[in-house]
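Throughout, read-outs are computed from the coordinates displayed, never taken from laboratory work. Only a predicted model underlies this, so the values are computations on that prediction, with no experimental measurement involved. Using ideal geometry, Cβ is built from the backbone for each residue, glycine included, and neighbour counts are taken over all protein chains shown.
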Amino acid sequence: MSAAPYYTLESDSLGGTLRLCGAISFVNAAQAFAAPPQAAKRDVNLDLDLAALDSADSATLAVLIAWSAQARARGGKLRYLHAPQGLCNLARLCDVEGLLGLE
């Protein structure tokens, strides 16, 4: 039996970028939705590096969209950097890439 997918949000040494590591999937999407990055909880702008994502699916995409919406509702902004190609393709297929501002 394999371990459930997990994710962590790690801060860089300067505190300007968070790195999303691991995986957000259907197994832990509700947990991730309930625990957005701090930028989604207040009016700040934050870069979120996605290069260390192990995998991405539609649950990942939904959580990232929700985090962005939560940040915007509070006057902040999340910018997603280094998104895996599969996530970019899925966002394009679902016509939501504009909601994420993937870079």
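Between Leu81, Leu48, Leu61, the GNM of the chain built on Cα springs shorter than 10 angstrom shows Leu81 fluctuating the most.
Checking every one of the trypsin sites (Lys or Arg not before Pro) in segment 17-56 against DSSP loop status and a limit of 11 other Cβ atoms within 10 Å picks out Arg42. Karplus-based coupling profile of segment 81-96, in residue order and whole Hz: 10, 6, 5, x, 4, x, 5, 4, 4, 5, 4, 5, 4, 8, 6, 10, with θ = phi - 60° in 6.51 cos²θ - 1.76 cosθ + 1.60 and x standing for Gly or Pro. Near Arg19, the amide H atoms lying under 5 Å from its own belong to Glu10, Ser11, Asp12, Asp49; only residues 5 or more places off or on other chains count, and H is placed 1.01 Å from N. Spherically averaged projected area of the convex hull of Cα atoms, the chain: 6.3 nm².
The label point for Phe33 and the one for Asp57, both projected 7 Å from the Cα toward the Cβ, are 1.5 nm apart.
Phi-derived couplings, Karplus 6.51 cos²θ - 1.76 cosθ + 1.60 at θ = phi - 60°, listed residue by residue for segment 20-31: 8, 10, x, 8, 10, 9, 4, 5, 10, 4, 5, 5 Hz, with x used for Gly and Pro.
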